[in-house]
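Written below as structure tokens is the structure these notes are about.
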Amino acid sequence: MAKLLLDEGTIESDLSEIVRELAPLGIELRHYDPGTSLLFPNLLDQEVLTESEKLYIIELHNSVFEFIQQENGTVWSDLLNIHPGSPSLHQSIATYGRYHTHTTVEPIYVLAGEAIYGFVRPDGSQVQLLIQAQDYLYIPAGVEHWCSPSALLNFKAVRYFANAEGWVPKYTGTQMTDYLNKPR
């Protein structure tokens, strides 16, 4: 389940409290266990997936999460598969690991592993959200954020797209708050 690191150092793990904290940004966080992982447990543990394995996972989740596609005007989806040997690992971190916005919504459903998202709240304070398997995250267009795999470098998620251009980051130049960069 998700965890939220608040700007004063408090860690919140209660889903309803996390949802309340993120509500001013229009961000939605839900936890779903559709049971689909039982149909392919070995695929979630594999670092490298074939195109047919990726398609199988996507098609299965699209049938279960058809409502996500309808809610968000999703046209297509893909499987994001980050692991230590990912050829695009460093490029992904460099591209999405600094504050940016998107022109369309950013819905994502985590299948395995974990990732960290940082957000700038309306008052300028910053929070970090750790999302894990079975978390669904919806970020509205225009919300200032960054994202990166956690130190585990293991993250599999279905991303939903309204259009390809919408996922291109528009960098804001906002710097991460110093306390977020310091070890606890």
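Things worth noting here:
- Summed residue charge, Cβ within 14 Å of ARG20's Cβ, Lys/Arg positive, Asp/Glu negative: -3
- Solvent exposure of the chain as accessible area per residue, Å², 1.4 Å probe: 48
- For the peptides 110-121, 5-16, the ranking by packing is 110-121, 5-16, with the highest mean count of neighbouring Cβ atoms within 10 Å listed first.
- In Hz, Karplus ³J(HN,Hα) per residue of region 9-18 (6.51, -1.76, 1.60; θ = phi - 60°; x = Gly, Pro): x, 6, 10, 10, 10, 7, 4, 5, 6, 4
- Three semi-axes of the equivalent ellipsoid, region 91-148, Cα gyration tensor, whole Å, largest first: 18, 13, 12
- Relative contact order computed over the chain (Cα-Cα under 8 Å; 6+ residues apart), in percent: 30
- Between the residues GLY97, VAL127, HIS83, the greatest Cα displacement towards the positive end of the dipole of the chain, with unit charges on the Cβ of Lys, Arg, Asp and Glu, is found for GLY97.
- Per-residue ³J(HN,Hα) for region 116-123, Karplus 6.51 cos²θ - 1.76 cosθ + 1.60, θ = phi - 60°, Hz, x for Gly and Pro: 10, 10, x, 10, 9, 7, x, 7
- Long-range amide H partners of VAL143 with built H, under 5 Å: HIS102
- Relative packing of peptides 133-143, 153-163 - highest average C-beta neighbours within 10 Å first: 153-163, 133-143
- From the coordinates shown, semi-axes √(5λ) of the Cα gyration tensor in Å corresponds to which of [x] 30, 21, 18; [y] 25, 18, 17; [z] 28, 18, 16: [y]
- A cut-off of 5 Å between modelled amide H atoms, ignoring neighbours fewer than 5 places along the same chain, links GLN46 with no other residue.
- Residues with amide H under 5 Å from that of ALA162, placed H, sequence gap 5 or more: VAL75
- Sulfur and carbon atoms: percent of accessible area, the chain [1.4 Å]: 55
The values are calculated or read from the model by the stated rules, or taken from the named source; none is laboratory data. Keep in mind it's a predicted model, so treat the numbers as computed, not measured. For neighbour counting, all protein chains shown are included, and Cβ atoms are generated from backbone atoms with ideal geometry for every residue, glycine included. These accessible areas exclude ligands, DNA and RNA; they are computed on the full protein's heavy atoms, side chains included. Shrake-Rupley method; radii C 1.70, N 1.55, O 1.52, S 1.80 Å.
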